[in-house]
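First up is the structure itself, then whatever we jot down about it.
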Amino acid sequence: MAEEDHISAPDLIPASMLSDYSYCPRQCYIRWNEGEFAECEDASANASDADGSAASSPLACKTIHLSAPKLGVTSRINLIEGDGGARDVMPALLKRGEPAASIAGGVYDPDRVRLCAQALVLQENGFLSSCGLIYFSKSRKAVSVQFDEPLIQMTREMISQVRAMAEQRRMPPPLVDSPKCNHCTFGGICLPDEVNLLRQLKDGNSILAGIEDPVQGESRELRMLLPSRDDQVPVYVLDQGSTVHKKGDCLEVRSRDGKAGTVRMIDISQLCLYGGVEISTPALVELMQRSIPVLHFTHGGWFEGICLGHTSKNIDLRIRQFDWARDRNRSLSLARGMISGKIRNCRVLLRRNDHQIPGEVLERLAEYAGQAGGAESFEGLLGIEGVAAQLYFSRLGSLLKTDDLELSFKGRNRRPPRDPVNAVLSYLYGILAKECFVTLLAVGFEPYLGFYHQPRYGRPALALDLMEEFRPLVADSVVVSLFNNRELEVKDFVITDEGVMIGSSAKRKVVAGYERRMDTKITHPLFGYKISYRRVLEVQSRLLARVISGEIERYPAFCTR
C-alpha cells in the first residue's frame, strides 16, 4: 500500500484509503479493514508510484510525511514548491498511466479526493495549497487539480464515511453490474455478482445460471471469477527420509539415497510433508516469509498441522465466527445446508455411475437430503447423516469395475482400514481436509472451530464441515476412477491381518489422481461459469463468510447436477 500497511490509529485515515473508498467502498474495506490485498488491474494501470519516488518524473519533488489530527488524515506527500515561498506548495501524484480521455479534466474522482485530502493536511500544518498536480509518466503530461469548495466538501464527507465504515466494522454492499468489477482482481474475494444473486434469491439453494435484472428485466450471465494463483501448485514430499532445503529461490528435495530435485518457490502454493520428511530452518523461514504454508501429515496420510507465517488479519470474521459457534440455532442452520448438500452429492454420484441402482435408493437419499435441510436438532441431523451414509456406502461398491475380491468394497471402515478401497478413501479424506484447512485459513476463519463438527483438541472442525459436501465429488470420485482405470491394483497395498496400508509408489498415484480432480474445470451449478474444484473451495469459504457477516441469508451448499 502506498502510505500505510493498515490504519495505524482509529483517528488517522491514510489519504490513499480515501481514494480506494472513492473507487469502491467494498474494495476499500477488504483491503484496509480485513487486510486482504490483490492488485487491481484497473487501478494498477493508472496507479501512483508505491514508494512516492519521483524517479520517473521530471518534477522537482520532495517527499514528506504529515498528519492532521483535527482533520483525522495522515499522508505521505510529494511536494512541489509554488511561487509564494517555502510555505506555498502543491501536492503531486505521480502516475504510471495517462490522463482519462472520457472525463473532463482527465482526472478521476479517487485521485482528486486524494490530492485534496493531502492539501487539507498541508493546510492544517501551516502550508498554503490551492491546487495540486498529477504527472502521467506514460504520456509525460501534467494535469492541474483545483481545490474548489465542492471538491473540499466531497473530501470531508468521504473522510466521515470512511471513519464510519471503519467503526461499524461492516463490509459495504457490492457494486451492482459495475464495469469496475470487470478487471478487478478483488473479485474472487468480494464476489460481487454472486452475493447480489444470492441476496435476490429467497432460496439460496436454487439452481440458476443467470441473474434477472430488476430494472431492465433481462437475464445476464455472471462474470467469470479471475483465477486465484492458478499458476501455483501444491508440492508433495512422500518418500520417508527425504529432506527439504533452500537453494537460492528454489526448494531442493533430497531423498535418502542422495537423489535431488528442485522446484521454484514462486511456483509453489503449499508444501505437504508426509511422515518422517524433514525441512531445514532456512527453507521454513523463506516459505513463511512468502506466505506459503507447510503442512505436516502422518505416514498414513492424516493431516497433523500447519506451519505458516502471518495469517489473515481479518479478526472481524473470526469474532463473528465465534459468536455464531456459540449460538446452536445459527450453527444448526449452517450444518443443515452442509449435510443436505453432502447427501444430494452422494445421490448424484450414484445416479451417474450406478446404472443398476434401484429407484428406491435414490428416492430415499432425496428424502434424507430434504430431512437434513429441515432438521430441528444436531442429534436429529447426525441420525439422518448416519442412515444416509450407510445407504450410500452400501451402493458405492457397485461403482467399482473389478472382479478381484481383495478390491471389493462392502462398506466404510477405518482405523485401520480393512480393505484397499477404504485405505484410499481415508488417505484422500486427509488430503481434502488439509485443502479445506488452508483455504479457510486464507479467507480468515479459525479452522479449528466448526459449526457441525464440535470442537475437540487437534481436530480442524470447520475444515471437516467444509469438506462434507466435497467428499463424494472429490475423494470418492477419485477412488472410483483410480480403481476402474486400473491405476491401483492389489500389489500397490500392504495387506495384513491388522489392516491395509497404501504402498509408497501407490501414494504418488493417489496424490496425482487427487490433483487431477482438483484441477478439473466444471460449470458452477449456481453461478454458471467454469471453475476448478480447488477454486470452488475458496468460493464456498467466502460465501460462508458472507453468511456469517449477514450479507446473505443462507449458506448455499455446492451441489452438482
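Taking the C-alpha atoms only, the angle from helix 378-396 to the longest principal axis of the chain is near 60 degrees.
Residues Val361, Val253, arranged from fewest to most other Cβ atoms within 10 angstrom of their Cβ, appear as Val361, Val253. Secondary structure note: in the range 241-389, about 70% of the DSSP beta bridges are antiparallel. For Cα extents along the principal axes in Å, the listed values are [x] 93, 62, 41; [y] 81, 61, 40; [z] 87, 74, 51; which was obtained by calculation from the structure presented? Correct label is [x]. Relative to the longest principal axis of the Cα atoms of the chain, helix 420-443 runs at roughly 10 degrees.
Rounded to the nearest Hz, the phi-derived 3J(HN,Hα) couplings of the range 534-551 under the Karplus curve 6.51 cos²θ - 1.76 cosθ + 1.60 (θ = phi - 60°) are 5, 6, 4, 4, 5, 4, 5, 5, 6, 5, 4, 5, 5, 5, 5, 7, x, 6, where x marks glycine and proline.
Less than 14 Å Cβ to Cβ from Asp497, Lys/Arg counted +1 and Asp/Glu -1: what total charge do the surrounding residues give? That works out to -2. From the Cα gyration tensor of the range 288-428, with a ≥ b ≥ c the square roots of its eigenvalues, which class applies: rounded if a/c is under 1.5, or else prolate if a/b is larger than b/c, or else oblate? Taking the square roots of the gyration eigenvalues as a ≥ b ≥ c, the range 288-428 is oblate.
Less than 11 Å Cβ to Cβ from Phe378, Lys/Arg counted +1 and Asp/Glu -1: what total charge do the surrounding residues give?
Details: positive: Arg328, Arg336; negative: Glu376, Glu379, Glu385.
Charge balance near Phe378 sits at -1.
Which whole-number percent is the relative contact order of the chain (Cα, under 8 Å, 6+ apart)?
Working: 956 pairs, mean separation 65.5, N = 561.
About 12 percent, as a whole number.
Spin-label model, Glu157 to Lys491: label points 7 Å out along the Cα-to-beta-carbon direction sit 7.7 nm apart.
Return the percentage of antiparallel bridges among DSSP beta bridges fully within the chain, rounded to the nearest 5 %.
Of those bridges, close to 70 percent are antiparallel.
Relative to the longest principal axis of the chain, what angle (0 to 90°, nearest 10) does the C-alpha long axis of helix 315-326 take? With both axes taken from Cα atoms, the answer is about 40 degrees.
Based on the alpha-carbon gyration tensor of the range 91-188 and its eigenvalue square roots a ≥ b ≥ c, which shape applies: rounded if a/c is under 1.5, prolate if not and a/b is larger than b/c, or oblate? Please list the in-between numbers first.
Numbers: a/c = 2.19, a/b = 1.14, b/c = 1.93.
Cα axes put the range 91-188 in the oblate bin.
The charge dipole of the range 287-406, taken about its Cα centre with unit charges on the Cβ atoms of Lys, Arg (+1), Asp and Glu (-1) only, comes to about 600 debye. Each other residue within a Cβ distance under 12 Å of Lys259 adds +1 if Lys or Arg and -1 if Asp or Glu, for a net charge of -1.
Shape analysis of the range 122-174 places it in the oblate category; the axes a ≥ b ≥ c from the Cα gyration tensor give an a/c of at least 1.5, with a/b not above b/c. Using a 10 Å Cβ count of at most 16 others and DSSP loop calls, identify the longest part of the chain lacking such GluC sites (Glu not before Pro). It works out to 40-217.
Any read-out appearing in this document is the output of simple, stated calculations on the displayed coordinates, not a laboratory observation. Every value quoted in this text rests on a predicted model; they were computed, and no experiment measured them. Positions of Cβ are generated from backbone atoms using ideal geometry, with glycine treated the same way; all protein chains shown enter the neighbour counts.
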